1. I'd like the residue in region 7-28 that is over 21 Å from Thr68 (Cβ atoms) and free of Cβ contacts under 8 Å to residues at least 60 places away in the same chain and, out of all such residues, is farthest from the chain's Cα centre (by Cα).
2. Tell me which residues, restricted to region 29-43, are open to solvent by less than 50 Å² (accessible area, probe 1.4 Å) and within 18 Å of the chain's Cα centre (by Cα).
3. Have a look at Cys52, Cys81, Cys26 and point out the one that is open to solvent by less than 20 Å² (accessible area, probe 1.4 Å) and of a type in the set (A, V, I, L, M, F, W, C).
4. Within region 76-114, count every residue that is modelled with pLDDT of 95 or more and in a loop (DSSP other than H, G, I, E, B).
5. Which residues, counting only those in region 115-129, are touching a helix residue (DSSP H, G or I) at 6+ places or on another chain (Cβ under 8 Å) and either among the aliphatic types (A, V, I, L, M) or open to solvent by 90 Å² or more (accessible area, probe 1.4 Å) (or both)?
6. Could you give me the residue pairs with C-beta distances under 6 Å whose first residue belongs to region 74-93 and is closer than 18 Å to His104 by Cα, whose second residue is open to solvent by less than 30 Å² (accessible area, probe 1.4 Å) and part of a helix (DSSP H, G or I) wherever it lies, and which are 6+ apart or on separate chains?
7. Checking the conditions here, which among Gly73, Gly94 is closer than 27 Å to Gly49 by Cα and open to solvent by less than 50 Å² (accessible area, probe 1.4 Å)?
Amino acid sequence: MEYTLEVVIVPVSDLDRAKDFYAEKCGFTVDVDMQMGESARVVQLTPPGSRCSIALTQGMAPPAEWVTPTEPGALQGLQLCVVDVEAAREELAGRGVEVSPVMHLGEKGWTEGKGDTWNSWAYFKDPDGNGWVMQEVPSPLAQR
């Protein structure tokens, strides 16, 4: 049996504001923007080159016995892997995203600047405070 992670629900308070942030500022592709009934809507977006999308939803609470709702801003540590963290950071900053400097973890803790392979990171948050991590990887996923 193969299990693939393909969609992560990101809790947001304002669907249109979040859609604009992820599409316009982060460059994610809008795959779906669908109104389902009077009060339910889903917006699905995919980061460039990713096999996993995010879903922003409104009025679509899953059955309470199976899933505990998450408050907007509570999701932390979503990780995007990039082959050049400095270029990715500059691209996001150029689009208006507030993003941390590139950092690495060393003997004295977190230090600004690139580290060795797998040890260069940058961080940003969406308008609700959901936290994202960008990690530099040595090659694209298809080559690893």
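The values are calculated or read from the model by the stated rules, or taken from the named source; none is laboratory data. If you're wondering where the values come from, they're calculated on a predicted model, not measured in any experiment. We place every Cβ from the backbone using ideal geometry, glycine too, and count neighbours over all the protein chains shown. Areas reflect the complete protein model, heavy atoms only, side chains present, ligands, DNA and RNA absent. Shrake-Rupley method; radii C 1.70, N 1.55, O 1.52, S 1.80 Å.
1. Looking only at region 7-28, we keep the residues that are over 21 Å from Thr68 (Cβ atoms), and these are 14, 16-17, 19-28.
Subsequent filtering for residues that are free of Cβ contacts under 8 Å to residues at least 60 places away in the same chain retains 16, 19-20, 23, 28.
Working: Asp16: 16, Lys19: 12, Asp20: 14, Ala23: 11, Phe28: 9 Å.
Selected residue: Asp16.
2. Step one: list which residues in region 29-43 are open to solvent by less than 50 Å² (accessible area, probe 1.4 Å), which gives 32, 40-43.
Hits for region 29-43 are Val32, Val42, Val43.
3. On the way: Cys52 fails: open to solvent by less than 20 Å² (accessible area, probe 1.4 Å); Cys81 fails: open to solvent by less than 20 Å² (accessible area, probe 1.4 Å).
Testing whether each residue is open to solvent by less than 20 Å² (accessible area, probe 1.4 Å) and of a type in the set (A, V, I, L, M, F, W, C) leaves just Cys26.
4. Total meeting the criteria: 11.
5. Pass one, region 115-129, residues touching a helix residue (DSSP H, G or I) at 6+ places or on another chain (Cβ under 8 Å): 120-122, 124, 126-128.
Ala122, the sole residue that qualifies.
6. Val82/Ala88
7. Values: Gly94 fails: open to solvent by less than 50 Å² (accessible area, probe 1.4 Å).
The unique qualifying residue is Gly73.
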